[in-house]
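Okay, so here's the structure we're looking at.
The values are calculated or read from the model by the stated rules, or taken from the named source; none is laboratory data. Because the structure is a prediction, the values reported are computed rather than measured. Cβ atoms come from the backbone with ideal geometry, glycine included; neighbour counts cover every protein chain shown. In case anyone asks, the SASA skips ligands and DNA or RNA and just uses the protein heavy atoms, side chains included. Shrake-Rupley method; radii C 1.70, N 1.55, O 1.52, S 1.80 Å.
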Amino acid sequence: MTDCNTVAFVSGANRGLGAQFVARLLARGAGKVYAASRTGNVNIDDPRVIPVTLDIADDESATHAARVAGDTTLLINNAGVNRKSAFFSPSAIEDARAEMDVNYFGTLRMARAFAPALIRQRGAMVNMLSILARVSLPAMGSLCASKAAELRLSESLRAELAPQGVRVFAALPGAIDTDMSRDFEGPKLDPFAVADAVPDALAESAHEIYIGAMAQELARGLSLERVATQAQLLSTS
Ligand SMILES: NC(=O)c1ccc[n+]([C@@H]2O[C@H](COP(=O)([O-])OP(=O)(O)OC[C@H]3O[C@@H](n4cnc5c(N)ncnc54)[C@H](OP(=O)(O)O)[C@@H]3O)[C@@H](O)[C@H]2O)c1
């Protein structure tokens with residue numbers, strides 16, 4: 001659901017899925033889109049776009065962004081990292097810290113900074129997770145752990161903010177065709193389609209948005225037979 005009253009804020013808007021979110025929200029008629037990136041530069045020429053400099057790993061940066069964008073009605077916590085690190089790789093601890101700091105603490109920072117604006121506007125927050133929040137892929141075990149933490153975070157934020165009229169969604173897509181999945185050889189979702197699926201889902205009642213056949217099949221399997229579904233994924237990965 002997007003119209004001229006929608007004031008969206010998208011993190012990681014300079015490339016990949018974030019750039020598609022900005023483009024699709026504009027195409028769907030959003031009144032204003034804050035496009036946030038670490039450099040403050042985004043490559044979209046539209047008077048409705050307001051570039052914002054934001055590092056979600058930095059408290060002050062998140063607080064400043066929320067001050068600049070105090071009229072936000074839809075916060076899309078899209079920025080994320082995947083160090084593609086297994087737990088026994090030489091850099092496992094450093095990778096896990098970086099992933100937790102951006103994927104988990106970054107989303108927590110943004111939620112805390114933007115909560116007053118979202119409460120004022122009775123708005124919505126979408127956290128971009130991954131189906132890997134629900135299953136483990138050992139080749140990127142610490143990414144899975146950080147996204148699982150972000151899923152628990154999203155559930156608690158939903159419960160805390162619901163009485164104040166703010167809806168919190170968790171988006172769980174399969175692999176998407178961006179830089180992050182450059183080396184993945186399996187089927188990948190078109191970022192354009194993912195960026196459309198999220199605003200479509202805001203009109204629905206489900207708070208977990210499974211995007212793409214792979215994520216939807218895994219979610220179905222997990223709801224029926226969690227252990228067997230996880231074992232099957234491990235045997236094919
Ligand atoms: N690609 C996939 O297969 C896939 C699958 C499921 C879920 N996701 C999730 O979808 C989201 C978008 O991923 P993507 O595929 O578009 O990845 P991407 O192409 O690697 O882009 C990641 C974006 O996040 C930004 N970012 C990273 N750390 C940041 C920080 N500390 N502060 C602010 N921005 C930061 C990056 O900015 P810089 O340009 O400055 O690095 C970039 O704009 C992520 O949350 C990812 O986990 C992706």
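Return the residue satisfying two criteria in turn: it lies in the stretch 129-164 and is without any contact (Cβ under 8 Å) to a residue 24 or more places away in the chain and among the charged types (D, E, K, R), and of such residues it is least open to solvent (accessible area, probe 1.4 Å).
E155
Looking for something at pLDDT 95 or above, among the aliphatic types (A, V, I, L, M) and near the ligand (Cβ under 8 Å from one of its atoms) - is there at least one such residue anywhere in the stretch 149-159? I'd like the intermediate steps shown before the answer.
Of the stretch 149-159, the ones at pLDDT 95 or above are 149-159.
With among the aliphatic types (A, V, I, L, M) added as a condition, the list becomes 149, 151, 153, 157, 159.
Then drop every residue that is not near the ligand (Cβ under 8 Å from one of its atoms), which leaves none.
Within the stretch 149-159 (the criterion being at pLDDT 95 or above, among the aliphatic types (A, V, I, L, M) and near the ligand (Cβ under 8 Å from one of its atoms)), the answer is no, since none of the residues qualifies.
Can you find a residue that is more than 9 Å from the ligand (Cβ to nearest atom) and more than 22 Å from A113 (Cβ to Cβ) anywhere in the stretch 52-67?
Among the residues of the stretch 52-67, not one is more than 9 Å from the ligand (Cβ to nearest atom) and more than 22 Å from A113 (Cβ to Cβ), which makes the answer no.
I need the strands (runs of 3 or more DSSP E) fully contained in the stretch 1-74, keeping only those with at least 2 residues that are surrounded by 15 or more Cβ atoms within 10 Å (Cβ to Cβ) and more than 18 Å from the chain's Cα centre (by Cα). Walk me through how you get there before you give the answer.
Values: elements: 7-10, 32-37, 49-53.
Qualifying strands (runs of 3 or more DSSP E): 49-53.
Could you check the stretch 2-18 and list, in sequence order, the residues that are touching a Ser or Thr at 6+ places or on another chain (Cβ under 9 Å) and under 20 Å from G106 (Cβ atoms)?
Here is the first cut: in the stretch 2-18, the ones touching a Ser or Thr at 6+ places or on another chain (Cβ under 9 Å) are 5-9, 11-18.
A8, F9, S11, G12, A13, N14, R15, G16, L17, G18 - these are the residues of the stretch 2-18 that are touching a Ser or Thr at 6+ places or on another chain (Cβ under 9 Å) and under 20 Å from G106 (Cβ atoms).
Pairs under 6 Å by beta carbon, first residue more than 7 Å from the ligand (Cβ to nearest atom) in the stretch 177-192, partner among the basic types (K, R), six or more apart or different chains?
If the second residue must be among the basic types (K, R), the pairs left are D177/K188.
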